[in-house]
Amino acid sequence: MDFFHAHQAQHYLVLAAMLFALGAAGVVLRRNAIIVLMSIEVMLNAVNLTFLAFSRFPLVPNSPMGSFLSGHAAVFFVIATAAAEASVGLAIIIAVFRSRTSVNVDEFDTLKL
Amino acid sequence: MAEAILFYLFAIGALAAGAQVIFRRNPIYGALSLVGALFFLSGIYVLLAAHLIAILQIIVYAGAVMVLFVFVIMLLNLKEEELGEQRITVWKGVGLAAVVASFGVIAWRALGPAFPQGALMQGDRRVDNALLVAGFGGVKTVGRILYLASILPFEVTSLLLLVAVVAAVVVAKGRI
């Protein structure tokens, strides 16, 4: 792999893997629900980066133009879904904060028997 | 060469800002660094010739979604003692090890011999110019895909957003 010729898919894939690992580490390590949601946003962005990298550098070189761009369509849907997810997640955080006065996910155990 | 410099600039920026999101104690600093990370990532999307997605990233993510996050953080207005103690448990160590291991597997797959590097490079060479000439990643080409090939998912997404708006109001408003 050529480090100074950044225009190939491997660079983008490794960057996406790093960002995904960073987001996953945030979900695992942090207890603040807002930071957990933001880590999920980082992970979704890593996935978007993978979609775009494969859409720019397709594995099958001679497929028709449209099939490259379905990666872009997928990213569009991921962005819309992430917006919906963030709004509902933050609404849940506000609702739980109102009853427990905490955003610590360790204390969210009302579903436990 | 210029692309390589820009790539490393944006990549290091995105990773540094992403690390701030994870390791800053106060969520407001995390939210502001996440805005920075999203801007760096949109620069990387431009390098990948995804111009429409880069603009959408800034408008929707860094604009709308992050304003929502900052709004909620300000609304909750957590005190220093309400942020909670950062405890280190065995299970967190196990989870961190799992994260590192999965990163290792992904990086090994992407860089190692299992990934078809030759075909990819060949595809890069052959496709490169054709893609850039045809308005790759612009509003017209991506819109054509969205409105012709994937019109059903597009409409379902609008329904999803409607449901999310109603759900957010119902959940966050204690009594209607």
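Laboratory data are not the source of any read-out in this text; all were calculated from the coordinates shown. A quick note: this is a predicted structure, and the numbers were derived from the prediction, not measured. For neighbour counting, all protein chains shown are included, and Cβ atoms are generated from backbone atoms with ideal geometry for every residue, glycine included.
Here are a few things to note about the model shown:
- Rg to Rh, two decimals, where chain B supplies the alpha carbon set and Rh follows Kirkwood: 1.03
- Listing B:Ile58, B:Ile5, A:Ile93 from fewest to most neighbouring C-beta atoms within 10 Å gives B:Ile5, B:Ile58, A:Ile93.
- CD proxy at 222 nm, helix term only [per DSSP H run n ≥ 4: -39500 (n - 2.57); per residue of the protein assembly as shown; nearest 500]: -24500 deg cm²/dmol
- Dipole moment magnitude, nearest 20 debye, chain A about Cα centre, only Lys, Arg, Asp, Glu C-beta charged: 160
- Percentage relative contact order, chain B, counting C-alpha pairs under 8 Å, at least six apart: 18
- The angle between the Cα long axis of helix A:9-29 and the longest principal axis of the Cα atoms of chain A comes to about 10 degrees, rounded to the nearest 10.
- Derived scalar couplings between HN and Hα for the stretch B:41-54 equal 5, 5, x, 5, 5, 5, 4, 8, 6, 9, 5, 4, 5, 4 Hz in order, rounded to whole Hz, by the Karplus curve 6.51 cos²θ - 1.76 cosθ + 1.60 (θ = phi - 60°), x for Gly and Pro.
- The value obtained for the protein assembly as shown, namely the Cα convex hull volume divided by the number of residues, is 145 Å³ per residue.
- Counting only Cα atoms, the size of chain A along its three principal axes is 57, 30, 24 Å, in decreasing order.
- Chain B: angle of helix B:66-76 to the longest principal axis, Cα-based, in degrees nearest 10: 10
- Taking other C-beta atoms within 10 Å as the exposure proxy, A:Leu15, B:Leu47 rank B:Leu47, A:Leu15 from fewest upward.
- Computed from point charges on the beta carbon alone (+1 for Lys and Arg, -1 for Asp and Glu), the dipole magnitude for the protein assembly as shown about its Cα centre is near 280 Debye.
- The spacing between the stretch A:66-106 and the stretch B:52-70, judged by their C-alpha centroids, is 13 Å.
- Share of pairwise Cα-Cα distances greater than 20 Å in the stretch B:1-82 is 39 percent (whole percent).
- Net dipole in debye of chain B [+1 Lys, Arg Cβ; -1 Asp, Glu Cβ; about Cα centre; nearest 20]: 200
- Here's the list of lysines a cross-link from B:Lys79 could span, going by alpha-carbon distance under 29 Å and ignoring same-chain residues fewer than 8 apart: A:Lys112, B:Lys92, B:Lys173.
- Projected label distance in nm at B:Leu111 and B:Gln86, using a 7 Å step from Cα toward the beta-carbon: 2.7
- The length gained on full extension between B:Lys140 and B:Ala16, counted as 0.36 nm times the residue separation minus their Cα-Cα distance, comes to 41.2 nm.
- Nearest-ten-degree value, helix B:2-23 long axis tilted from longest Cα axis of chain B: 20
- Karplus-based coupling profile of the stretch B:157-162, in residue order and whole Hz: 5, 5, 5, 4, 5, 4, with θ = phi - 60° in 6.51 cos²θ - 1.76 cosθ + 1.60 and x standing for Gly or Pro.
- Backbone phi angles across the stretch B:93-99, fed through the Karplus curve with coefficients 6.51, -1.76 and 1.60 (θ = phi - 60°), yield HN-Hα couplings of x, 4, x, 5, 4, 5, 4 Hz in residue order; Gly and Pro are listed as x.
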